[in-house]
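K.L.:
One structure is given below, represented as structure tokens, and several questions about it will come after.
The numbers here are math on the coordinates, done by the rules we state, and not lab data. All of these numbers come straight from a predicted model, not from anything done at the bench. A quick note on method: Cβ atoms are made from the backbone with ideal geometry, for glycine too, and the neighbour counts reach across all protein chains shown.
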Amino acid sequence: MAWVYMLRGSSARFYIGSTTDLYRRLAQHQLGMTYSARRLGLPLELVAAKQLDSLAEARRLERQLKHKNRPMRPQQLLAGVLLPLYLLVLLSALPFVLRGRVTATTLLSR
């Protein structure tokens, strides 16, 4: 299983990425271990995520989302392509997410 996810930082900029371990990757972002985290500004908020069958599929979707001729606005991505985060929480897919914020401590204690 793999994930495509969208983060929003304190600078109000967005980042789209893909991974096979969403918890680990979010912890890396929250700890500032990635360039994207430093560019977006901490703290980061997980805005949306979508689970896919394979990493190849996730990377393909990530590439499509990033390289559109006319990139969609984040609201369009949330509405049409990525499953909104609150639905994931309701389905208990991300039990450590509280109010849209994911802390590195809760992720690493998993």
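K.L.:
Going by average Cβ neighbours within 10 Å, how do the peptides 29-37, 41-49 rank, with the highest at the top?
P.N.:
Put in order of decreasing packing, that is 41-49, 29-37.
K.L.:
Between beta-carbons, use under 14 Å as the cut-off and find the net charge around Asp53, counting Lys and Arg +1, Asp and Glu -1.
P.N.:
+2
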